[in-house]
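Chemist: Okay, here's the structure, questions in a sec.
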Amino acid sequence: MRQPSRNDIQRLGEALHRTGRIDRRQLLAGLGALAALPPMMSSKAWAQAKEIVLVNWGGDAIEFMDTSFAIPYEEENPGIDVVVDGGGPSQGKIRAMVESGAVTWDICDSGGGSSIQLGTGGFIREIDYDVVDRKKFFPGMDFKWGATNYIYSFVLAYDTSEYDTDSAPKSWKDFFNTKDFPGLRSMRKDVIAVPEVALMGAGLAKEEVYPITPSKEKLAWETVKSILDDLIFWASGAESQQFMRSQEVVMGCFWNTRVKAIYDETDGMWDWTWNQGIVLPGAWVVPKNNPAGDAVWPFIASTQDPARQVKLFELFGNAPANPAAAPLVPPELKKFNATDPDNYALQLPVDNEWYGENIARVGKDYLDLISS
């Protein structure tokens, strides 16, 4: 019988919290005390055990990635403990950790564009594609420094109490048409997906969006500026959900996962179209000098398993990154799957290379525009 790990103790605390036996303050205090303890290695076997620390953005993602990825891997690999941490692996945190020489994270839940920025800066390791399988990604999702772990989309969502199926906005051109579709709408404060949405709003087909040239950038900003009086901006997924829940806006450019949450919560008060959605990949990245070393690659390869990706989709709404997972998605959930073949065909995969090279500049331009 193996000694309980930190991950085991963390799961126990979370279970006690869910069942009401301890409150959130007690849970956080306990986890804080656990983090301060020295490594628990009382036997030779335990001393030889390996630990992989996977860091995501917290909340339900901790439990869902634990269930979908960590626990199955631990069961297959006795002696390896996969700790799921909700520390929020921003680019700034990863850079600071690597620069300080005190790297404590092994795998971070990042994105395709971020992997390019961090990789060119020398802060993360190249993916070992001798272990991770390139063939288990959608085309263009096998990044040099990032392994796509799930997919999500920016979609055109709308209030079904304002529009029925026939009258609902069906394209970004409708989104920017405030004459025929009056009312407040919402976009994200961050620039990602905004140029693409605005260019399609100006009438370009999705096949005409890339490459984004200086003249197309100008057209995108002019298109956004044309409806500034009818726009409010969201800074977090939670804020976008509140805009929908309160019906403060009649439509919005939102993450499909957040619209799905409101769809479920309100029995369909909000819905969306996959048409002209902007597809973005989440991506595992590995900080330079990570403590677990090359032990991360077999774990990352295990997360490519179609059944495990479908499990994460069922729990969290993030779509499978492996095309082979689509047939495993239950029929009643295909409508909500960003990578279902029918849904994926309607969308535009984001150009991560362009964002990797230009995000600082275009991000500033966008913020200047919406703050003016």
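Chemist: Quick one: Ile71 ticks every box in (1) at pLDDT below 95; (2) over 29 Å from Gly122 (Cβ atoms); (3) among the aliphatic types (A, V, I, L, M) bar one, so which box is it?
Modeler: (1)
Chemist: Still on this structure, I have one more. If I ask for residues that are in a helix (DSSP H, G or I) and acidic (Asp, Glu), which ones from the range 334-352 would you list?
Modeler: Filtering the range 334-352 down to residues in a helix (DSSP H, G or I) leaves 334-336, 341-344, 352.
Asp342 - this is the single residue of the range 334-352 that is in a helix (DSSP H, G or I) and acidic (Asp, Glu).
Chemist: Among (1) crowded, with 20+ Cβ neighbours inside 10 Å; (2) without any contact (Cβ under 8 Å) to a residue 12 or more places away in the chain, where does Val286 come up short?
Modeler: Evaluating Val286 over (1) crowded, with 20+ Cβ neighbours inside 10 Å; (2) without any contact (Cβ under 8 Å) to a residue 12 or more places away in the chain leaves (2) as the failure.
Chemist: If you don't mind, there's one more thing I want to ask. From the residues in the range 58-77 that are of a type in the set (Phe, Trp, Tyr) and either closer than 17 Å to Phe313 by Cβ or without any contact (Cβ under 8 Å) to a residue 12 or more places away in the chain (or both), which one is surrounded by the fewest Cβ atoms within 10 Å (Cβ to Cβ)?
Modeler: Just the residues of the range 58-77 that are of a type in the set (Phe, Trp, Tyr), to begin with: 64, 69, 73.
Then keep just the ones that are either closer than 17 Å to Phe313 by Cβ or without any contact (Cβ under 8 Å) to a residue 12 or more places away in the chain (or both); that gives 64, 69.
Working: Phe64: 20, Phe69: 24.
My answer is Phe64.
Chemist: Still on this structure, please answer the following. When residues of the range 119-140 are filtered for being outside any loop (DSSP other than H, G, I, E, B), more than 19 Å from the chain's Cα centre (by Cα) and under 22 Å from Val103 (Cα atoms), how many remain?
Modeler: 1
Yes or no, residue by residue, for (1) closer than 19 Å to Phe154 by Cα; (2) of a type in the set (Gly, Ala, Ser); (3) part of a helix (DSSP H, G or I); (4) touching a residue at least 60 places away in the same chain (Cβ under 8 Å):
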{"position": "Ala321", "(1), (2), (3), (4)": "yes, yes, no, yes"}
{"position": "Ala324", "(1), (2), (3), (4)": "no, yes, yes, yes"}
{"position": "Pro327", "(1), (2), (3), (4)": "no, no, yes, no"}
{"position": "Glu332", "(1), (2), (3), (4)": "no, no, yes, no"}
{"position": "Trp354", "(1), (2), (3), (4)": "yes, no, yes, yes"}
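Chemist: Let me ask something additional. Is at least one residue of the range 264-280 assigned to a helix (DSSP H, G or I), closer than 21 Å to Lys173 by Cβ, hydrophobic (A, V, I, L, M, F, W, C) and more than 19 Å from the chain's Cα centre (by Cα)?
Modeler: In the first step, residues of the range 264-280 are kept if they are assigned to a helix (DSSP H, G or I); the result is 264-265.
Okay, now just the ones that are also closer than 21 Å to Lys173 by Cβ, so none.
No: the range 264-280 contains no residue that is assigned to a helix (DSSP H, G or I), closer than 21 Å to Lys173 by Cβ, hydrophobic (A, V, I, L, M, F, W, C) and more than 19 Å from the chain's Cα centre (by Cα).
Chemist: Return the pairs, sorted by first residue and then second, in which the second residue is of a type outside the set (Lys, Arg), the first residue lies in the range 229-241 and is touching a residue at least 60 places away in the same chain (Cβ under 8 Å), the beta carbons are less than 7 Å apart, and the residues are 6+ apart or on different chains.
Modeler: If the second residue must be of a type outside the set (Lys, Arg), the pairs left are Leu231/Ser186; Leu231/Met187; Phe233/Ser186; Phe233/Met187; Phe233/Ile370.
Chemist: Of all residues in the range 78-104, which are in a helix (DSSP H, G or I), surrounded by fewer than 23 Cβ atoms within 10 Å (Cβ to Cβ) and among the aliphatic types (A, V, I, L, M)? First the steps, then the outcome.
Modeler: Taking the range 78-104 first, the residues in a helix (DSSP H, G or I) are 91-100.
Restricting the remaining residues to those that are surrounded by fewer than 23 Cβ atoms within 10 Å (Cβ to Cβ) gives 91-93, 95-100.
If the condition is that a residue be in a helix (DSSP H, G or I), surrounded by fewer than 23 Cβ atoms within 10 Å (Cβ to Cβ) and among the aliphatic types (A, V, I, L, M), then Ala96, Met97, Val98 are the ones that fit.
Chemist: Restricting to the range 289-299, give me the number of residues that are surrounded by fewer than 22 Cβ atoms within 10 Å (Cβ to Cβ) and either of a type outside the set (D, E, K, R) or in contact with a helix residue (DSSP H, G or I) (Cβ under 8 Å, 6 or more places away or on another chain) (or both). Write out each step before concluding.
Modeler: So the first thing to find is which residues in the range 289-299 are surrounded by fewer than 22 Cβ atoms within 10 Å (Cβ to Cβ), and the list is 289, 291-295, 297-298.
Checking which are either of a type outside the set (D, E, K, R) or in contact with a helix residue (DSSP H, G or I) (Cβ under 8 Å, 6 or more places away or on another chain) (or both) leaves us with 289, 291-293, 295, 297-298.
Within the range 289-299, residues that are surrounded by fewer than 22 Cβ atoms within 10 Å (Cβ to Cβ) and either of a type outside the set (D, E, K, R) or in contact with a helix residue (DSSP H, G or I) (Cβ under 8 Å, 6 or more places away or on another chain) (or both) number 7.
Chemist: For the range 105-131: of the residues being among the aliphatic types (A, V, I, L, M) and crowded, with 20+ Cβ neighbours inside 10 Å, which is farthest from Glu357 (Cα to Cα)?
Modeler: Of the residues in the range 105-131, the ones among the aliphatic types (A, V, I, L, M) are 107, 116, 118, 124, 127, 131.
Going one step further and asking which of them are crowded, with 20+ Cβ neighbours inside 10 Å, we end up with 107, 116, 118, 124, 127.
Numbers: Ile107: 23, Ile116: 8, Leu118: 11, Ile124: 17, Ile127: 20 Å.
Across the range 105-131, the extreme among qualifying residues is Ile107.
Chemist: What's the total number of residues in the range 105-118 that are in a loop (DSSP other than H, G, I, E, B) and modelled with pLDDT under 95?
Modeler: Start the filter on the range 105-118 by keeping residues that are in a loop (DSSP other than H, G, I, E, B), which leaves 105-106.
With the extra rule that they be modelled with pLDDT under 95, the set shrinks to none.
Of the residues in the range 105-118, 0 are in a loop (DSSP other than H, G, I, E, B) and modelled with pLDDT under 95.
Chemist: Let me ask something else about it. Given (1) closer than 18 Å to Ile278 by Cβ; (2) of a type in the set (Ser, Thr, Tyr); (3) out of contact with any strand residue (DSSP E or B) (no Cβ under 6 Å at 6 or more places or on another chain), identify the lone condition not met by Ser372.
Modeler: It fails just one condition, (1).
Chemist: Just a yes or no: is a residue in the range 260-267 free of Cβ contacts under 8 Å to residues at least 12 places away in the same chain and assigned by TED's automatic domain parsing to the domain that holds Phe64?
Modeler: No - not one qualifying residue is present in the range 260-267.
The values are calculated or read from the model by the stated rules, or taken from the named source; none is laboratory data. Bear in mind the structure is a predicted one, so any value in this text is a computation, not a measurement. Cβ: placed from backbone, ideal geometry, glycine included. Neighbour counts: every protein chain shown.
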